[in-house]
Each structure stands twice: as C-alpha cells, then as structure tokens.
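> Dumping the structure here so I can ask a few things about it.
The values are calculated or read from the model by the stated rules, or taken from the named source; none is laboratory data. These numbers were taken from a predicted model, which means no experiment stands behind them. A quick note on method: Cβ atoms are made from the backbone with ideal geometry, for glycine too, and the neighbour counts reach across all protein chains shown.
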Amino acid sequence: MKSPFLITKEEILKFYKPVNPLTHKGLQGHAVLIAGSYGKIGAAVLASKSCIKSGCGLVTAFTSKCGYQILQISIPEVMVVTDENPNFITNIHLPLIPNAIGLGPGIGKELGTQKALFEFLRTNKVPLVLDADALNILSENKAWLELVPENTILTPHPKELERLIGKWDSESQKFQKTVAFSEHYKVIIVMKGAPTYIISPARIYQNTTGNAALATAGSGDVLTGIITSLLAQDYEPVQAAQLSVFLHGLTADIALPQMGYQSFIATDIIENLGKAFLILDN
C-alpha cells in the first residue's frame, strides 16, 4: 500500500472556505437527509442536526411518518417531509432538488425500503452520501452498485465494509480490496475506524484527529450529516470527506479533557462542532 496522505489542519486549511460575511441561507446550500424508521428516528435526528450545525443553509429530513413529530420538536430548524408509510420508507419523493443528499441512517432493510432505494438510485443526479442500511441493502443487491453515481461517498464501519467487499485476511488485503472497489465503482470510501481512512480512486488519506470516545452509538449518523452538509456547501466530494472526518474527530479531542471517554455520546459531537470550526477559523 502507498503511504497514506495525512489529513492535518495545515492540509485542511488549503481548501477550507470561511463563511462569506455577506452570505444568506440560500447561498449556504440545501441538504436532504433520508433517514430513520420506527425505533430509529434518532438516526434521522442526529444526521439532520449535525448537518445544520455544520453550516448548511437549509436542511430537509425525509423520514417515515412516525418520525414527523419527533423531528419537528427536536430540531425546529430542520424541515420535514414524510413517506406515506407510518413505519419505514417506501417511496422517496422530494419536493425540491437539493445540493446534496445523505441516505441510509436508520432506514432499516424492509423490502419496501429496498425498492425505494433502487428507484431513487435509478433517477437521482444529486451528489450523494450513502451510509448504514443503504450500504447493507446494496451489499445484498450488488448489481445496484452500478447505479451509484461517480464520486458518491460511502461511509461503512468495518462490518458494513466487509459486507460490501468480502472478508479479508490482513490489513493490507483489506486496503487492496477497498481500493479495487473504489476504482471499479469510482466512489469515495470513508473507512471508519481508529484511525479513519478515506479511499478514493486517486489516493488514500489518513485522518489525524479523534480518539476512542467516538466509539459510541450514533457517531456515524453524525458524520453522515456533516459530510452531506459540506457537499451541499459546494466542497469537492473528496474534500468534503476529509474536512468532515477531521472535524468529527476534533470534537472528541476537544471534549475529552472535560468528559473522558465513557460519557461522550453522539450528541456531544454535535455540541462541540462550533469549537472545532473555530479552531480552523483561528
């Protein structure tokens, strides 16, 4: 394996875009998060909240009907559109064309949801982040991977990665298989772990922020929201992925001295995003 390119503050600042003092919400991007199902609406809440907390001007959550009140009450800043089905997503119909879409957190693998994902992939032209159950559905329907647009960002944890690329015998084989997958489908893979790597067809990046506090439920949903937000704000996909994993890890580094490893939860990532951005702005 070629030695990875390190994602450091110096590298991030080469492409980081401070907010224009004269901007308005219409210029800051509109992101859509397609997430949640009965019992997993929290995934939609975490992804949508982290998305708006990462500088996106407008965020719309698309979820099953049972998530409507939960989302409206827990994040008043986010707009909500629902599926007709009460418990899971069966038909992705968006009343707008957003700048980026994040799809997968907590959607489950119901047959109706699988069909909805297939129909969505057949017609979607918007920059895309695929996570969680979207990846699990694709790993069971590998032919559908051909429908995934170039430069889509996939964010698997180790088990989701294994379902996509097959088992590996060593770290080097894991990287070989992930690189081959990235090249074949022309996608960017955020290989979540300690440390997190980003695999693009052109090169491999290694994140330098973060610690064991991030090993907590919902951490990945938050990351999906951040990546979708930055994509909607017009970052190149590989830059959106780099900046997102850097910020995501940085929140845990900022919080650790006060919180310790055990009591840091996914909401704390969102709470510390402002401090992480300030480190880049200063």
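> Name the one entry in Lys109, Lys125 that is out of contact with any helix residue (DSSP H, G or I) (no Cβ under 6 Å at 6 or more places or on another chain), of a type outside the set (Gly, Ala, Ser) and surrounded by fewer than 20 Cβ atoms within 10 Å (Cβ to Cβ).
None of the other options fit; the residue is Lys125.
> Still on this structure, please answer the following. Name every residue in segment 1-34 that is surrounded by 11 or more Cβ atoms within 10 Å (Cβ to Cβ) and among the hydroxyl-bearing types (Ser, Thr, Tyr), in order of residue number.
Selection gives Thr8, Tyr16, Thr23.
> Hey, another quick one. Using the structure shown, decide if Pro86 is at pLDDT 95 or above, surrounded by fewer than 17 Cβ atoms within 10 Å (Cβ to Cβ) and farther than 18 Å from Ser37 by Cβ.
no
> Further question on the same structure: Looking for whichever is within 20 Å of Gly55 (Cα to Cα), surrounded by fewer than 16 Cβ atoms within 10 Å (Cβ to Cβ) and either at pLDDT 95 or above or out of contact with any helix residue (DSSP H, G or I) (no Cβ under 6 Å at 6 or more places or on another chain) (or both) here; the options are Asp221, Asp234, Asp169. Which one fits? Working first, answer last.
Numbers: Asp221 fails: surrounded by fewer than 16 Cβ atoms within 10 Å (Cβ to Cβ); Asp169 fails: within 20 Å of Gly55 (Cα to Cα).
Every option except Asp234 fails the conditions.
> In segment 58-84, what residues are of a type in the set (Asp, Glu) and either closer than 21 Å to Gln233 by Cβ or in contact with a Cys (Cβ under 9 Å, 6 or more places away or on another chain) (or both)?
If the condition is that a residue be of a type in the set (Asp, Glu) and either closer than 21 Å to Gln233 by Cβ or in contact with a Cys (Cβ under 9 Å, 6 or more places away or on another chain) (or both), then Glu77 is the only one that fits.
> Looking at Ser48, Ser64, Ser37, can you tell me which residue is over 21 Å from Glu110 (Cα atoms), buried (at least 19 other Cβ atoms within 10 Å of the Cβ), under 21 Å from the mean Cα position of the chain (by Cα) and small (Gly, Ala, Ser)?
Ser48
> Would you confirm whether any residue within segment 154-162 is within 15 Å of Met191 (Cα to Cα), touching a residue at least 12 places away in the same chain (Cβ under 8 Å), surrounded by 15 or more Cβ atoms within 10 Å (Cβ to Cβ) and in contact with a Pro (Cβ under 6 Å, 6 or more places away or on another chain)?
Going through segment 154-162, the residues within 15 Å of Met191 (Cα to Cα) turn out to be 154-162.
With the extra rule that they be touching a residue at least 12 places away in the same chain (Cβ under 8 Å), the set shrinks to 154-158, 160-161.
Now restrict to residues that are surrounded by 15 or more Cβ atoms within 10 Å (Cβ to Cβ): 154-157, 160-161.
Narrowing the set further to residues that are in contact with a Pro (Cβ under 6 Å, 6 or more places away or on another chain) leaves none.
The answer is no, given that none of the residues of segment 154-162 is within 15 Å of Met191 (Cα to Cα), touching a residue at least 12 places away in the same chain (Cβ under 8 Å), surrounded by 15 or more Cβ atoms within 10 Å (Cβ to Cβ) and in contact with a Pro (Cβ under 6 Å, 6 or more places away or on another chain).
Per-residue answers, yes or no, for (1) over 19 Å from Thr90 (Cβ atoms); (2) part of a strand (DSSP E or B):
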| residue | (1), (2) |
| --- | --- |
| Phe118 | no, no |
| Lys125 | yes, no |
| Val129 | yes, yes |
| Ala134 | no, no |
| Trp144 | no, no |
| Asn151 | yes, no |
